[in-house]
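Q: This structure is in structure tokens; I'll ask about it shortly.
What follows draws every value from the coordinates through simple rules; no lab data is involved. For clarity, every value in this text was computed on a predicted model and none was experimentally measured.
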Amino acid sequence: MPRSSQPFLIRVLTVGKWLAGARHWHFAFAWIFTANALVYLAYFFASGAWRERLFSPRRDARNAWETVLHDLRLRRAAPSPVGLYNGMQRLVYTGVLAIAPLLVASGLAIYKPVQLPRLTALLGGYDAARAIHLGVLVALAAFLVVHVVQAVLHPRTLVDMTAGGRRAEA
């Protein structure tokens with residue numbers, strides 16, 4: 001179908017104007033996000049922020065469980081604070097950081113399967129790598145939706161998140 005006969009919304013939302021163009025945009029943003037992640041990880045470990053942000057079962061497991069029960073309204077009392085982040089936040093944050101390399105690896109495997117045959121094979125082949133890539137993207141999208149819903153339900157936290165506000169007393 002010629003572009004001019006497509007509905008307006010499709011024309012506006014089409015990135016790259018054709019399939020290969022859309023792939024180019026996808027890869028361009030993928031490299032930008034990957035470079036950004038590498039810079040963030042360097043800061044994350046160099047600054048020592050990993051100590052307070054990553055999940056530690058000994059420190060956070062009980063608090064994470066209590067937070068889930070409280071959020072599901074199965075427990076009245078709010079869990080005791082354990083710093084800037086509660087146990088569930090640390091668990092989810094650690095999970096997102098753990099699956100991000102899988103997103104990059106599976107993306108590379110489907111981007112260059114001939115040049116990276118060992119990586120593609122490690123992920124179970126081209127089709128499995130595509131499924132893994134899609135699965136990780138779905139998991140990250142679900143995380144994003146839950147995160148946005150929680151931010152909307154607790155709007156005062158938006159200011160804290162964007163302005164670097166309130167800090168827990170150490």
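Q: Tilt of helix 126-153 relative to the longest C-alpha principal axis of the chain, in degrees (0 to 90, nearest 10)?
A: That works out to roughly 50 degrees.
Q: From the backbone phi of the range 85-94, what are the Karplus-calculated ³J(HN,Hα) couplings (6.51 cos²θ - 1.76 cosθ + 1.60, θ = phi - 60°) in whole Hz, Gly and Pro given as x?
A: Couplings: 10, 7, x, 5, 4, 5, 5, 5, 4, 5 Hz.
Q: Another question, then. Show the residues, 5+ positions off or on another chain, whose built amide H is closer than 5 Å to the amide H of Phe55.
A: Under 5 Å from the amide H of Phe55 lie the amide H atoms of Thr94, each far enough along the sequence or on another chain.
Q: Report, to the nearest 10°, how far helix 19-47 tilts away from the longest principal axis of the Cα atoms in the chain, using its own Cα long axis and a range of 0 to 90°.
A: Taking Cα atoms only, the helix is inclined about 30 degrees.
Q: Based solely on its DSSP helices, what 222 nm [θ] is calculated for the chain when runs of n ≥ 4 H residues each add -39,500 (n - 2.57) and the sum is averaged over all residues, nearest 500 deg cm²/dmol?
A: -23500 deg cm²/dmol
Q: Using the Karplus curve 6.51 cos²θ - 1.76 cosθ + 1.60 with θ = phi - 60°, what ³J(HN,Hα) values do you get for each residue of the range 72-81, in whole Hz, with x for Gly and Pro?
A: 7, 6, 9, 9, 6, 6, 6, x, 5, x
Q: When only C-alpha pairs under 8 Å and at least 6 residues apart count, what is the relative contact order of the chain, in percent?
A: Rounded, it is 14 percent for the chain.
Q: Under the Karplus relation 6.51 cos²θ - 1.76 cosθ + 1.60, θ = phi - 60°, what is the ordered set of whole-Hz ³J(HN,Hα) values for the range 55-64, x standing for Gly and Pro?
A: Those phi angles translate into 5, 10, x, 4, 8, 10, 4, 5, 5, 4 Hz.
Q: Under the Kirkwood approximation applied to all pairs of distinct alpha-carbon atoms, what is the hydrodynamic radius of the chain in Å?
A: 19.3 Å
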